[in-house]
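Read the figures in this text as sums done on the coordinates, not as results from a lab. Predicted model only: the values in this text are computed from it and were never measured. Note: ideal-geometry Cβ built from the backbone for every residue, glycine included; neighbour counts use all protein chains shown.
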Ligand code: TXE
């Protein structure tokens, strides 16, 4: 059997060999999922809810183990990894409330009774990237299962370990075998089979805009609905009337969290020209003080990049760039972490036409650009193909409302950088995606509406 090696990005040392699933084996998993899904959809809603609550409890009991696994496989700082593992349990708990609430409608008609049903699609294929392996997977599988679907999940080649463990925990929690299957392997084989297989009736994809566009085209050929969560180049807009100390202190976390490998990273800081110099003065100590190093330590704020080749890509963005200042990272002579894929947080002063002002870096590099007034700020914020997240810093309520309505992004926050709460909708506009995940309606997104008319005459 063909395998690939999973590497610890903090040390560059191998962790485990993982199977590359062949197409025939993917087909067998899908066939089993199709079979078990009928029974799952047929049980009482409360039984589905109970099963998901049990799954949530088992995940809760394994938060530390899952977190430690993510530290090794992804280099996430332990505190972040604990948050991620707990988040999976919370997402499961939240959507465990959905089965009894997937109500249809009764629509007034003459000569009978008209009602709608939310029917599950059947088998849902979920394709996950390497940046947040556990959380992004749960945004798909929890509501999909709650709605009565079976799930086949493909983790990224670089980071399959927590997904594999979640698959085992589902069985420990008593979910029927085959209902939630984790299928490891390459995107071009396993991921593409989810797209092309006629029995996978919906696909959820998170990853690059390039591959996402391909996945959507493949799904279109099969007339298969698809949810896409893609790249971002989100703006952190700082007006002169903002609490500058707070805005500057929080800006590094908003872009360097997860080493910038976050689709919501506020990777462009747009600063009103009159406070541009003052803001940079405040930003510099915050960046230099950002703690980069051993992900196992609770004091660490940022770990390594995910791979050597990704580090090369990120480095490429600094060619010809005007670097203002940088934070620190373990160097090659560090005994424990010298071989890891480290990259120090970097602040670049950019011009509007620069590549770094438009393209997603997906690393700890932030571009700072000045703007003139509110209209200019909105224009600049929207000057990208993406539209995922963003932050607005101002003490003027009217301006906050106007700018929040003017910026074409799916998830915005004012005087904070929050993006993800499992009970609020998440997703992007423009090249950042299609459809929404999380929030009160996510389980319904994994159903098709059926309308039935019962004649009474
Ligand atoms: O993503 P891919 P990668 C961006 C980011 C990053 C770049 C590449 O800039 O550097 O994308 O990351 C599977 N059919 N983002 O290589 O290739 C693949 O196996 C079906 C931004 O991880 O898009 C993996 O499971 N599936 C983004 C998943 O798709 C395929 C998050 C994502 O892989 C496939 C991640 C195919 N033909 C990366 N090819 C964000 N902004 O959140 C690959 N896959």
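Numbers below:
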item	result
Cα centroid of the range 25-104 to Cα centroid of the range 334-360, whole Å	34
Relative contact order [Cα under 8 Å, 6+ residues apart], the chain, whole percent	19
For the range 211-269: relative contact order, % (alpha-carbon pairs under 8 angstrom, 6 or more apart)	39
Average silhouette area of the range 278-349, convex hull of alpha-carbon atoms, in square nanometres	5.4
Contact order relative to length of the range 161-240, as percent, for alpha carbon pairs under 8 angstrom and 6 or more apart	23
Tilt relative to the chain, helix 23-42 - C-alpha long axis, 0 to 90 degrees, to 10	60
Between the range 426-456 and the range 194-222, the alpha-carbon center distance in angstrom	17
Antiparallel DSSP beta bridges within the chain, as percent of all bridges there, nearest 5	40
Largest-first principal axis extents of the Cα set of the range 200-257 (Å)	52, 20, 18
On Cα atoms only, tilt of 63-74 relative to the major axis of the chain in degrees	60
222 nm mean residue ellipticity, helices alone, for the chain (DSSP H n ≥ 4; -39,500 (n - 2.57); rounded to 500)	-11500 deg cm²/dmol
Relative packing of peptides 342-351, 318-327 - highest average C-beta neighbours within 10 Å first	342-351, 318-327
Distance (nanometres) between label positions extended 7 Å along Cα→Cβ at residue 57 and residue 196	4.4
Mean Cβ neighbour count within 10 Å, used as a protection proxy, ranking 36-43, 286-293 highest first	286-293, 36-43
Ellipsoid semi-axes in whole angstrom, largest first, where each is sqrt(5λ) of the Cα gyration tensor of the range 1-159	35, 20, 12
Cα-Cα pairs of the range 235-421 separated by more than 29 Å (percent)	18
Nearest-ten-degree value, helix 45-61 long axis tilted from longest Cα axis of the chain	40
For the range 299-326 versus the range 148-177, the gap between their alpha-carbon centres in whole angstrom	32
Dimensionless Rg/Rh of the range 354-408 - Kirkwood Rh, Rg from C-alpha atoms	0.97
Share of alpha-carbon pairs per 20 Å distance bin for the chain, given as whole %	25, 54, 20, 2, 0
In Å, descending, principal axis extents of the Cα set of the range 171-321	58, 36, 32
Protection-proxy order for peptides 255-268, 407-420, each taking the mean of Cβ atoms within 10 Å per residue, highest first	255-268, 407-420
Relative counts (whole %) of C-alpha pair distances in the range 256-310, using bins that are 10 Å wide	20, 41, 30, 9, 0
More than 16 Å apart - percent of Cα-Cα pairs taken over the range 357-457	67
